[in-house]
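Input: a single structure, listed below in structure tokens.
The values are calculated or read from the model by the stated rules, or taken from the named source; none is laboratory data. Here the structure is a predicted model, which means the values were calculated and not measured. Ideal geometry is used to build each Cβ from the backbone, glycine not excepted, and the neighbour counts take in all protein chains shown. Accessible surface areas use protein heavy atoms only, side chains included; no ligands, DNA or RNA. Shrake-Rupley method; radii C 1.70, N 1.55, O 1.52, S 1.80 Å.
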Amino acid sequence: MTLSFQDLQRQLQPDIAQVGPGSDPWDVLVMPSLNVSREQMALVEGAHHYEERQLFELIRLRQPRARMVFVTSKLLPDLVVDSVLELLQGVPISHARQRLQLFDTDDASPRPLAAKLLERPRLLSRIRDSLRPGRSYLSCYNVGDLECRLSEALQLPLMGCDPQLSSWGHKAGGRALFRRCGLPHPDGSELVFSFDGLLDACLDLLERKPGLRRAVVKLNQGFSGEGNARLELEPLQLHDCSPQERRDRLRLALETLPMPAAGWRSQLQDQGALVEEWLEGGEAISSPSVQGVIHPGGRVEVLSTHEQHLGGESGQVYLGCQFPADPAYRLELQRWGQAVGEALAALGALDHFSVDGLARRFGDRWDLQAIEINLRKGGTTHPHQVLRFLSNGHMDATTGAFLSPQGSELHYLATDNFMHPQLRGLLPMDLIDAVAEAGLHYDALKESGSVFHLLGCLSEHGKLGMTCIGTTLAEAREVDARTRARLLEM
């Protein structure tokens, strides 16, 4: 009997994440499919190498009875896999390797991995035969119709959010959840699906906020800031002109909007967009976030808080993060995570989620505004997994600090976007040699050092991901600076 996706999801149990002594861990099929549009995929340098970010799920293999299958578009070099397995304290790499099976589609085309797998029934059969029926599940980056079809083809439940709930992780759905949870958020419009509708939404916002200097236009399904564009209003001098002239000037500004996403006007018709006020002012401004996970059965666990580092032409593109968030509002972020997580759990959501915000300081007061919700793993997921499993530490819910078993507070800086022309042509072996010689690899005794990912991007794209850990924020920054300097000396 073939079960539907919804029937398969009912097989997930609350013990799915347990890997402690005496437990019988579930087998995990990690299938890091990037299910985003071709336009969004084209914006990511070395996109299929981003599948490597989920390699940190291999740290689950530190439990001697855990078993895992990892599937990628192209074959992963042994060195890339072993660079993660060597982080398993107390577990020989050879022992972990025996409990890990690797498969690949031998297809680097810019399409979701799930689509490639569905085209290869023989490969699917081999993957299915490597997993225990009734005690295995599928783990993805994000979940769309393709991943649901793959779940049904493999007859495996999927630890991820049903695509029918995906609208709650889009820009308009996030605003609706903020209202439901009573979280402060910027003034903005409802979702519109035409250029004229967007123009009207901007004019309505200006009616409510006549002194607004700039706004931000957001494609409803944009991610990592690639679907966001800043709309400069002050140079248009809209307050000095007639209603028709105001409309004409604003139309021209929207027609030349510097949106990173290619073909954004056609995407506007497909997915919709909205406009929000651009929050500014204050003596300091930052972009914090909170991450959590919804377990089967509805339990919400707040995992972490971060300061996001944003850049790009729009200032909205995710470049990296700092952990944990500022103590001035860290606990408030945790409250946000719990509230949004419970609201999502009541809707039936599962797995990782995050809430992005914006913080502005006015004197001794911080104004915290919710910006958007992500219903997927993200750029902050894998560095936190690294810290959590490397250190065997935990977050102190009363302070929001992360403590190692020795009682040290641990901090890190992480990025997916350390990119420089000098890095092109370097092989992963070159990187590891240089870092080992400089003593920059993570040292469990010192509780500091660097951990790397996206090694597959290094030679071709001159791009690298890394997480730099220290017992203070200053030490983490110093590790980050030393690591960057050493790599650029090569």
- Between 0 and 90°, nearest 10: helix 145-154 axis offset from the chain longest Cα axis: 20
- Message: Less than 14 Å Cβ to Cβ from residue 95, Lys/Arg counted +1 and Asp/Glu -1: what total charge do the surrounding residues give?
- Response: +4
- Overall form of segment 340-395 per C-alpha gyration tensor (a/c, 1.5; a/b vs b/c): oblate
- Item | Of (i) 37, 27, 23; (ii) 47, 24, 19; (iii) 41, 26, 20, the label for semi-axes √(5λ) of the Cα gyration tensor in Å derived from the coordinates | (i)
- Find how many whole Å separate the alpha carbon centroid of segment 276-304 from the alpha carbon centroid of segment 116-135. 36
- Item | Percent carbon-and-sulfur accessible area, the chain, ignoring ligands, DNA and RNA, probe 1.4 Å | 50
- Rounded to the nearest 10 degrees, the helix 243-255 long axis (Cα) sits at an angle to the longest Cα principal axis of the chain of 30
- Rounded to the nearest 10 degrees, the helix 428-437 long axis (Cα) sits at an angle to the longest Cα principal axis of the chain of 80
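For the chain, what does the helix formula give at 222 nm: sum of -39500 (n - 2.57) over DSSP H segments with n ≥ 4, over the residue count, nearest 500 deg cm²/dmol?
Value at 222 nm, helices only, nearest 500: -9000 deg cm²/dmol.
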- Item | Of 140, 154, 182, farthest towards positive along the dipole that unit charges on Lys, Arg, Asp, Glu beta carbons give segment 140-185 | 182
- Message: If you count only protein heavy atoms with a 1.4 Å probe, what accessible area per residue comes out for the chain, rounded to a whole Å²?
- Response: 41
- Item | GluC sites (Glu not before Pro) lying in DSSP loop within segment 121-192, provided at most 16 other Cβ fall within 10 Å | 190
- Per the C-alpha gyration tensor (a ≥ b ≥ c, the square roots of its eigenvalues), segment 156-201 is rounded if a/c is under 1.5, else prolate if a/b beats b/c, else oblate; here it's oblate
- State, as an integer percentage, the relative contact order of the chain based on alpha-carbon contacts under 8 Å between residues 6 or more apart. 14
- Under the classification rounded if a/c is under 1.5, otherwise prolate if a/b is larger than b/c and oblate if not, where does segment 37-158 fall, given a ≥ b ≥ c as square roots of the Cα gyration tensor eigenvalues? oblate
- Task: Quote to one decimal, in nm, the extra length available between residue 24 and residue 459 on full extension: 0.36 nm per residue of separation minus the C-alpha distance between them.
- Result: 152.6 nm
